[in-house]
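Inspection log for the structure reproduced underneath, given as structure tokens.
Read-outs throughout are calculated quantities, based only on the coordinates presented, and are distinct from any laboratory measurement. The structure displayed is predicted, hence computed values, not measured ones. FYI the Cβ positions are ideal-geometry reconstructions off the backbone, even for glycines, and counts take in every protein chain you see.
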Amino acid sequence: MIEKTLNSEIVFDGLIFDVERLEIGREDGSRSARDVIRHHGAVALVTRKPDGQYVFVRQYRKAVEQMMLEIVAGTLEKGEDPVDCAKRELLEETGYIADEITHLGAIYPSPGYVDEKIDLYFAPVTGEGLGVPDADERLESLEMNHAEVEAAITDGTFTDAKSLAAWMLYCRKVYAP
């Protein structure tokens, strides 16, 4: 069931991802084509304040034409260490500083067409909570307690896959009521 890459060509060279067209060969000798999005990778953090509140961000996502409620997240710069990216994104989006960062796991959101890997973290935070987003970002932060997060998952308020996956891993690996 292995597909061997016979030829490849970058058909789109973008800011945060490229698109590569692959000619592949199968074990039975047949050939086919695959278009694959090549992504630098990303990080996402479940963030908890000392008072037990969790910090989330709400922002408009053009691809789905709606406001989304998400955990703090961001794209890796080329060659950037994921933990450094997590600290940077946390400070930019929320103004909080992580006392420590615990790796929860990693996910591949849609491996049928994109190689993006998102490293998921938990970060207890301190600080003032006054973020300075990138110039092209418009977001707001909000806080929720554990029960409110669970209710938002149940009622469908949370639809962002990375946030759902990170919360599930956090609840299984870290959370202790």
(request) Please give, to one decimal in nm, the separation of the simple spin-label points placed at Thr5 and Ala176, each 7 Å out from Cα toward the Cβ. (result) 4.5 nm
(request) Run the dipole for the stretch 40-173 about the Cα centre, Lys and Arg Cβ at +1, Asp and Glu Cβ at -1, nothing else charged, and hand back the magnitude in debye, nearest 20. (result) 340 debye
(message) Positive end of the dipole of the chain, charges at C-beta (+1 Lys, Arg; -1 Asp, Glu), about the Cα centre: which of Gly127, Gly41, Leu91 has its Cα farthest in that direction?
(response) Gly41
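Sort Cys85, Cys171 so the one with the fewest other Cβ atoms within 10 Å of its own Cβ comes first. List each step's numbers first, then the result.
On the way: Cys85 22, Cys171 16.
Taking fewest neighbouring Cβ atoms as first place, the list is Cys171, Cys85.
Relative contact order for the stretch 40-173: what percent, with Cα pairs under 8 Å and sequence separation of 6 or more?
Computed over the stretch 40-173, the figure is 33 percent.
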(message) From the mean inverse distance of alpha carbon pairs (Kirkwood) and the Cα radius of gyration, derive Rg over Rh for the chain.
(response) 1.04
(request) Mark the label point 7 Å from the Cα of Asp155 along Cα→Cβ and return the residues of the stretch 64-96 whose backbone N is within less than 19 Å of it. (result) 67-71
(message) Taking the Cα of Leu22, stepping 7 Å toward and past its beta carbon, and measuring to each backbone N in the stretch 110-130: which are under 12 Å?
(response) 111-116
(message) In the chain, if the dipole is taken from +1 on Lys/Arg beta carbons and -1 on Asp/Glu beta carbons about the Cα centre, which of Ser110, Val11, Thr157 is farthest to the positive end?
(response) Ser110
